[in-house]
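Below: the structure, in structure tokens.
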Amino acid sequence: MFVHSSDGVYAIRKGPWKWIEGIPAQASTKAQLKAHSDQNKAQLYNIQDDPAETKDLSATHPEVIKELSALLNRYRDGGYSREMPPVSIKKPEQAATLPPITGSVILEAALDGMPPKPWAATRGGWSAHDGGIWGLQKGATDQGATLRVPTNITNGTLDYMIQFRGANRHSLRIETGDKAGSFRIEISQKHLGITKNPGPGEDKTATEPLARKPLDLKPSIWYPVRITFKGNQATAQVQDTIITASHAILAEPKTALNFLVFGDSAAFKQVRAVQ
């Protein structure tokens, strides 16, 4: 049995097993994502032994997930389920591989588990699974889940990997000086941007967009992010898309990084900064 929810989440039933892919459609609204946040994740149940679906068996039965995922993709790529479609030869999207960065390492974290101090989760829900650290927004819609780490970089390069699974955007808010100023790198599945945040005494809407380009990222794929600072310029790259911005605030010492997630979940791993 092959099923599809109103939010665009696919699932498949075979014998006693029910596999829920857990990826909502990109067109889902913020309200839909919030209302169904507990459903928008990969889940595996043996509904013969557990008809109420109380115990997710994803971690203990990877072989079942592999079989049902392949079967789901075969039906979905074929476009029909009245009979078994042929095996698809569609090539899956691959993330770009960026050349390694070199220099004096000032920050390095695999993020394959909850990071120790000086990292701090200040808002939202954070958990480690599937090879990364996942943020989930809770509460006010303008306050994303936040994972903060102090740093000390003026000129240099920051690398990390990102994966979207329901989140509508990620913002890397970078504090400068004594926290009086900040700017952000904005990444969603549809755009990449650099924006100066309002300064002391300014209205919170007084943002200053510095650069922006469209993106086309798919859910459940790890994508590389690279941000380079040199003088009053910052260059941000996600996959093969690159933008460059110029502003005086970009030349100031960067004192902290805030990894923000808005909406449902997104994940980070392999954070590395050099100067």
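The values are calculated or read from the model by the stated rules, or taken from the named source; none is laboratory data. Just so we're clear, the structure is a prediction, and the values are computed from it rather than from any experiment. All Cβ positions, even for glycine, are placed from backbone atoms using ideal geometry, and neighbour counts span all protein chains on display.
Figures for the structure shown
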quantity	calculated
Pairs, first more than 22 Å from Glu175 (Cβ to Cβ) in region 197-224, second assigned to a loop (DSSP other than H, G, I, E, B) and of a type in the set (D, E, K, R), C-beta under 7 Å, six or more apart	Pro214/Lys190; Leu215/Lys190; Lys218/Glu93; Ile221/Glu93
Residue match in region 126-135 (condition: touching a Lys or Arg at 6+ places or on another chain (Cβ under 9 Å), part of a strand (DSSP E or B) and of a type in the set (S, T, N, Q))	no
Considering residues of region 1-27 that are of a type in the set (Ser, Thr, Tyr) and over 15 Å from Ser220 (Cβ atoms) only, the residue modelled with the highest pLDDT	Ser5
Exclusive hit being under 16 Å from the mean Cα position of the chain (by Cα), within 23 Å of Lys138 (Cα to Cα) and hydrophobic (A, V, I, L, M, F, W, C), set Ala267, Ala256	Ala267
Conditions (1) modelled with pLDDT of 95 or more; (2) closer than 24 Å to Leu217 by Cβ; (3) outside any strand (DSSP E or B); number of the one not met by Pro118	(2)
Residue within region 259-269 that is surrounded by fewer than 20 Cβ atoms within 10 Å (Cβ to Cβ) and not charged (D, E, K, R) present	no
In region 176-195, residue surrounded by the fewest Cβ atoms within 10 Å (Cβ to Cβ) [restricted to those that are under 19 Å from Thr151 (Cβ atoms) and among the small types (Gly, Ala, Ser)]	Ala180
Only one of Gly177, Gly144 that is out of contact with any helix residue (DSSP H, G or I) (no Cβ under 6 Å at 6 or more places or on another chain), on the phi > 0 side of the Ramachandran plot and of a type outside the set (Ser, Thr, Tyr)	Gly177
Restricting region 238-247 to residues that are modelled with pLDDT of 95 or more and surrounded by fewer than 20 Cβ atoms within 10 Å (Cβ to Cβ), the residue that is nearest to Asp130 (Cα to Cα)	Thr241
